[in-house]
1. Given H placed on each backbone N at 1.01 Å, which residues far from B:N167 in sequence or on other chains put an amide H within less than 5 Å of it?
2. B:F121's amide H: which non-local residues (gap 5+, or another chain) put their own amide H closer than 5 Å, with H modeled 1.01 Å from N in plane and none for Pro or chain starts?
3. Can you pull the percent of segment A:60-135's accessible area that's carbon plus sulfur, 1.4 Å probe, other chains left in place?
4. Take peptide A:36-49, look around each residue's Cβ out to 10 angstrom, count Cβ atoms belonging to other protein chains, and average those counts.
5. For segment A:6-27, state which residues have at least 40 Å² less accessible area in the presence of all protein chains than in their chain by itself, taking the probe as 1.4 Å and leaving out ligands, DNA and RNA.
6. Solvent-accessible area per residue for segment B:64-161 at a 1.4 Å probe radius, Å²?
7. Kindly state, to the nearest 0.05, the FRET efficiency for B:R126 paired with B:V53, given R0 = 25 Å and r defined as their beta-carbon distance.
8. Please give the average number of partner chain Cβ atoms lying within 10 Å of the Cβ of each residue in B:145-155, rounded to a whole number.
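The values are calculated or read from the model by the stated rules, or taken from the named source; none is laboratory data. Because the structure is predicted, anything quoted here is derived from the model rather than measured. Cβ coordinates were reconstructed from backbone atoms using ideal geometry, including for glycine residues, and neighbour counts include every protein chain displayed. Calculation scope for accessible area: heavy atoms of the full protein, side chains included, ligands and nucleic acids excluded. Shrake-Rupley method; radii C 1.70, N 1.55, O 1.52, S 1.80 Å.
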Amino acid sequence: MASRNFKVGTVYTRVLGLLKSGAIKQKPLWFDIVETFPPILPTMHNRAPVPGRARKLQYWEDEVREKFYKEFKFIEPVNLYETDNKPTICDRFIMHYEQFSQEETDGDVAFAKSKEALEQEGVTFSRIKEKEEKEAVPVKENTASEDNASIENIFQL
Amino acid sequence: MISVHILIYFFSSISIVIGINPLAHKDFFDVRQLYSIKSLFDAGVHLGHKTGVWNPLMKQYIYGDRHGNHIIDLNETDRHLFLALNVTSHIAYRKGVILFVCCRPQFQHLVQKTARECQEFFVIQRWRGGILTNAHKLLPVPRLPDLIIFLSVPYNMDAIRESAQANIPSIGIVDTDCNPNLITYPIAGNDDSLSSLELYCRLFSTAILNAKVQRQNDDNYTIDKSNDGETPRDNSRAEMAS
């Protein structure tokens, strides 16, 4: 039953040929089924790929979302097992931004306005920034001994 | 939902007596009710590989490139999955032999469990070369399967070639890094996560079991019909059971 000509035609056409020529007498069990429900694309061992690359999926809110997280650094818990989560603060921000961007041509103004709108809803932005500034460790200045380090004065401590 | 099942049961039970062909229906086994595109999405079927490792043959099944990851088009997956489940049901209805092949260690147990649930066959260890093409030497009883379902295509490329050589139709889950060319019914979808593999296994086993139940009902009905004149109904049932 095994055929070396598996690169020619499809499973269906090959068995059809065998039946017509009388090489096999009985139809295989799957024959009528594959005949009635053929594959969407006929099987070809050397089918050429569709040229080109997959398109990039980029949406207008991606930029806003990026800018939002860079400026405010909100970290919210999101349950990835649930598919119908409540909108996060960033989502609400984007909903406001969508409204304001229709009125304002300047993106920065719309950004500031949507921030104000969120603040009116009771979201506080400033605390996180202040906390970061307090926690920030000042960079140590280099000591003088390290500055003039050279081979000549390696034994001077 | 229930009424649909009753309707289908009614039609299919008289199918053999009156001569209605199950193949004349587009969705005879009600496969469409088994899943929705939302359930595919929830199982993570749309998640492909990094764009760098893609196979360009998969371009037509890919929706787009999101931050360096390919996203599979679930509308395409839906069309192909529906067709594959329908074909599987029809083959199970005709008492065909279905073989599950998955030689990927992570999913061996899952595939074995699935195949045993629906009383079919499986290969989860190494695929011995020539088991289809040289069956009369390697197997004690050379009975080839009527359909092969590949759940981890990159691990079983030689098996896919062999099934094409032995003229056996095949169903395969192809991720964005696989070659779908030699598979009769490819289904584009994520083949690396447990959640999506569990979904495919559940769908295939349910489709097969439904078709088998349908067949059992039809057989019982015809036997009941033929015995109606001579023996009482209850006695004929008891004979069937024993």
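1. Distant-sequence amide H within range of B:N167: A:S3.
2. For B:F121, the qualifying residues are B:I98, B:F100.
3. For segment A:60-135, the apolar C and S fraction of the accessible surface comes to 48 percent.
4. Values: counts 9, 9, 4, 10, 7, 6, 1, 10, 2, 5, 1, 6, 3, 7.
Mean shielding count: 6.
5. Buried by the other chains: A:F6, A:V11.
6. 44 Å²
7. Working: r = 24 Å, r/R0 = 0.98.
Efficiency, rounded to the nearest 0.05: 0.55.
8. Details: counts 2, 5, 4, 0, 0, 0, 0, 0, 0, 0, 0.
Other-chain Cβ atoms within 10 Å of each residue's Cβ, averaged: 1.
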